[in-house]
Amino acid sequence: MAGFRGISTGRPLRQGESALAEIGRQAVALDLGAPLAIRVSPRARRVGLRIDAARRQVELVLPRGVPPEFGLRFLREKRGWITARLDALPRPVPFVEGAVVPVLGVPHRICRSLDPAAPPVSIADNEIRVRGDPSHLPRRVRDHLARLARDELARRARPLAERIGCQIARVNVRDTKSRWGSCSANGNLSFSWRLILAPEAVVDYVVAHEVAHLVEMNHGPRFWRLVDRLAPGNARQRAWLNRHRARLLSYG
């Protein structure tokens with residue numbers, strides 16, 4: 001998520017729903033090129049601006065009590081920045097017939113299968129083949145990729161956990177937008193299903209990252225040494241995720 005921090009507002013002022021509505025109403029005239037979301041943060045000390053790649057929207061962050069003119073002025077001043085960031089976002093790639101979608105980093109084209117005996121979705125020969133009513137195609141592709149992600153991530157995670165003397169209680173996948181994975185204190189691992197779109201080495205790094213949390217529930221030096229042991233040379237994969245986050249979020 002790209003961000004920009006700017007105008008200091010000084011002492012917080014009182015703010016109500018009418019003030020936020022006023023910002024939203026006047027912001028329409030600015031024609032920002034994307035929906036505007038306004039968030040009031042009690043911890044913020046400056047007006048902030050972010051581009052939410054997952055939702056493809058502009059987010060204005062206001063310290064509590066900021067009057068409408070501060071937020072509107074900031075939006076006007078940063079219109080060029082907003083336009084540049086929105087233009088840099090990858091175009092959405094819906095799951096439709098003919099779309100090219102990576103599976104473990106390898107491009108696959110979505111196509112319809114007319115074989116009545118074929119499974120609802122299958123992946124072979126660089127194709128994602130979908131049988132049945134075309135209106136069900138997007139959901140079937142997404143559900144199939146999510147199941148494939150869960151199976152693939154579990155297959156990679158459990159041997160790594162055994163290497164460090166740990167057990168995984170459960171592996172789940174979700175459509176998380178802010179993180180690629182998480183590890184709970186009771187041994188449950190959760191991942192974004194979108195990792196199935198990334199190259200295998202990137203998947204291996206994220207799996208190693210979450211498995212390492214089974215031992216170190218922090219990001220201290222011992223944690224990173226364990227990640228390096230489980231996924232040597234992972235700096236390149238971490239950088240790939242940072243560069244291609246918006247691309248992965250653009251599918252579906």
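The values are calculated or read from the model by the stated rules, or taken from the named source; none is laboratory data. Computed from a prediction, not measured in an experiment: that's the story for all the values here. Because the Cβ atoms are built from the backbone with ideal geometry, glycine has one as well, and the counts that use them run over all protein chains shown. To get the accessible areas, we keep the full protein, side chains included, count just its heavy atoms, and leave off ligands, DNA and RNA. Shrake-Rupley method; radii C 1.70, N 1.55, O 1.52, S 1.80 Å.
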_Among the residues in region 217-236, are any under 26 Å from L145 (Cβ atoms), out of contact with any His (no Cβ under 7 Å at 6 or more places or on another chain) and without any contact (Cβ under 8 Å) to a residue 24 or more places away in the chain?_
no
*Answer yes if at least one residue in region 84-91 is touching a residue at least 24 places away in the same chain (Cβ under 8 Å), open to solvent by 30 Å² or more (accessible area, probe 1.4 Å) and within 17 Å of L197 (Cα to Cα), and no otherwise.*
yes
*Of all residues in region 120-135, which are in contact (Cβ under 8 Å) with a residue 12 or more places away in the chain and surrounded by 12 or more Cβ atoms within 10 Å (Cβ to Cβ)?*
P120, V121, I123, E127, I128, R129, V130, R131, G132
*Going through region 209-244 one residue at a time, which ones are open to solvent by 60 Å² or more (accessible area, probe 1.4 Å), part of a helix (DSSP H, G or I) and under 18 Å from G165 (Cβ atoms)?*
R222, R225, D228, R229
_I'm trying to understand the selection: among the residues of region 197-207, which are touching a residue at least 40 places away in the same chain (Cβ under 8 Å), open to solvent by 10 Å² or more (accessible area, probe 1.4 Å) and in a helix (DSSP H, G or I)?_
E200, D204
*Which numbered condition trips up A161, out of (1) under 22 Å from P102 (Cβ atoms); (2) in contact (Cβ under 8 Å) with a residue 40 or more places away in the chain; (3) touching a helix residue (DSSP H, G or I) at 6+ places or on another chain (Cβ under 9 Å)?*
(1)
